[in-house]
Amino acid sequence: MTVPSPLRRIPLEKTLTMSTRQSLLATGRIASFVLLIFIVASSMYATTPTERVIYKFQGMPDGASPQGGLVADAAGNLYGTVPFGRLGAGMVFELSPPAIAGNPWIETDRYDFGSVTNDGNFPSGTLIFDKLGNLYGTTEAGGVNNAGTVFELSPPATTGGAWTETILSPLAPKGADGSKPTGKLVMDTKGNLYGTTLYGPSPCCYGTIFSVADGMGPLVETVPVAGTVGKQVIILGNGLKGSTSVKFNGKSAAFHVVSDTEITATVPASATTGTVSVVTATGTLNSTPQFVVTK
């Protein structure tokens, strides 16, 4: 595990309103609640959305009490966190679609917090992907100061291997850099991560907005992050003036350079879910997250 340079904090004037983790501890043990992940589906032909449960959490070692949102990869697998897992400190899970429609989704434990010394504890926020398939998130506690962490999970080099955690920044004790990060991180087009903490800095407890330099380097971001063939998409980045090519997962797209920080492009025919790449005067920039082509 590596620990890069400390985070940079930006104090807030006002209290940040953030959701807190509900306690499930009862008589020293986690209460046996059943949690649900469900799908709400609607269409232009239906006036009432329909809900379908695709997975039920059963408690240890399966996990309990998911609070953050889900993020999908290009293959349609879902990733999320639970604050309680096999080791009692939370885990990152993957849900894979069933081979037969209508069957339950399949859960795989991708990482157990508390596996190593000074690891983070109790993840609760939504994860995000980068262009290389790494996951980023936060834990409310743990780390060398027990004030929470910002972490990265890297997929294995071979199928079936273990994911690797790197703590990008352990937060300082409450009153210094802030503590208890609970929300979702965001990544800018230079690869910097931004998030919020519930507590700190000194002299009181009103929270912070922080940034962590991950060293990802320049990238681009699409607005929106999903769309159908033929949809016009905005691509944001830096140094885009003079760009000569835009591709959606390898398919060339018609585009227009609006400014040094913006391109408009049309999702090309036969495009599939994947990375949007832009060839600029100084190199190729890839999108984070991947662009999802919908029907």
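Before moving on, here are some points about what is shown:
- Number of positions in segment 243-265 that are touching a strand residue (DSSP E or B) at 6+ places or on another chain (Cβ under 7 Å), within 17 Å of Glu221 (Cβ to Cβ) and not basic (Lys, Arg): 13
- Meets criteria (farther than 21 Å from Lys56 by Cβ and assigned to a loop (DSSP other than H, G, I, E, B)) for Ala74: yes
- Residues that are surrounded by fewer than 16 Cβ atoms within 10 Å (Cβ to Cβ), part of a loop (DSSP other than H, G, I, E, B) and either within 18 Å of the chain's Cα centre (by Cα) or aliphatic (A, V, I, L, M) (or both) within segment 46-71 comprise Ala46, Met60, Gly69, Leu70, listed in sequence order.
- Just one of the listed residues (Glu107, Glu165, Glu140) is of a type in the set (Asp, Glu), under 19 Å from the mean Cα position of the chain (by Cα) and closer than 26 Å to Ala226 by Cβ, namely Glu107.
- Per the listing Gly125, Gly114, Gly120, the residue uniquely over 23 Å from Thr273 (Cα atoms) and without any contact (Cβ under 8 Å) to a residue 40 or more places away in the chain is Gly114.
- Within segment 103-126, the set of residues being in contact with a Phe, Trp or Tyr (Cβ under 6 Å, 6 or more places away or on another chain), surrounded by 24 or more Cβ atoms within 10 Å (Cβ to Cβ) and hydrophobic (A, V, I, L, M, F, W, C) is empty.
- Test: residue in segment 245-260 that is among the hydroxyl-bearing types (Ser, Thr, Tyr) and surrounded by 14 or more Cβ atoms within 10 Å (Cβ to Cβ): no
- A single member of Thr159, Thr126 is assigned to a loop (DSSP other than H, G, I, E, B), under 20 Å from Gly69 (Cβ atoms) and polar (S, T, N, Q), and it is Thr126.
- Residue within segment 218-238 that is under 19 Å from Leu135 (Cα atoms) and loosely packed, with under 15 Cβ neighbours inside 10 Å present: yes
- Of all residues in segment 263-285, those satisfying the criterion of being surrounded by fewer than 17 Cβ atoms within 10 Å (Cβ to Cβ) and within 25 Å of Tyr136 (Cβ to Cβ) are Thr272, Gly283, Thr284.
Conditions (1) in the same structural domain as Leu168 (by TED's automatic domain parsing); (2) modelled with pLDDT under 90; (3) under 16 Å from Thr275 (Cα atoms), marked per residue:
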position	(1), (2), (3)
Asn192	yes, yes, no
Leu198	yes, yes, no
Ser202	yes, yes, no
Gly207	yes, yes, no
Ala226	no, yes, yes
Val233	no, no, yes
Gly237	no, yes, yes
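- Condition met for Ala101 (in contact (Cβ under 8 Å) with a residue 24 or more places away in the chain, more than 18 Å from Val212 (Cα to Cα), assigned by TED's automatic domain parsing to the domain that holds Ile54 and assigned to a loop (DSSP other than H, G, I, E, B)): no
- Residues (surrounded by fewer than 22 Cβ atoms within 10 Å (Cβ to Cβ) and of a type in the set (S, T, N, Q)) located in segment 129-150: Asn134, Asn145, Asn146
- Exactly one residue out of Phe291, Phe210, Phe255, Phe248 is closer than 30 Å to Leu171 by Cβ and of a type in the set (Phe, Trp, Tyr), and it is Phe210.
- Selection of first residues in segment 143-160 that are within 26 Å of Phe210 (Cβ to Cβ) and of second residues that are small (Gly, Ala, Ser) and in a loop (DSSP other than H, G, I, E, B), restricted to Cβ pairs under 6 Å at least 6 apart or on distinct chains, gives the following pairs, ordered by first then second residue: Asn145/Ala172; Thr149/Gly143; Pro155/Gly133.
The values are calculated or read from the model by the stated rules, or taken from the named source; none is laboratory data. The model shown is predicted, which means the values in this text are computed figures rather than measured ones. As a convention, Cβ positions derive from the backbone with ideal geometry for all residues, glycine included, and neighbour counts pool all protein chains shown.
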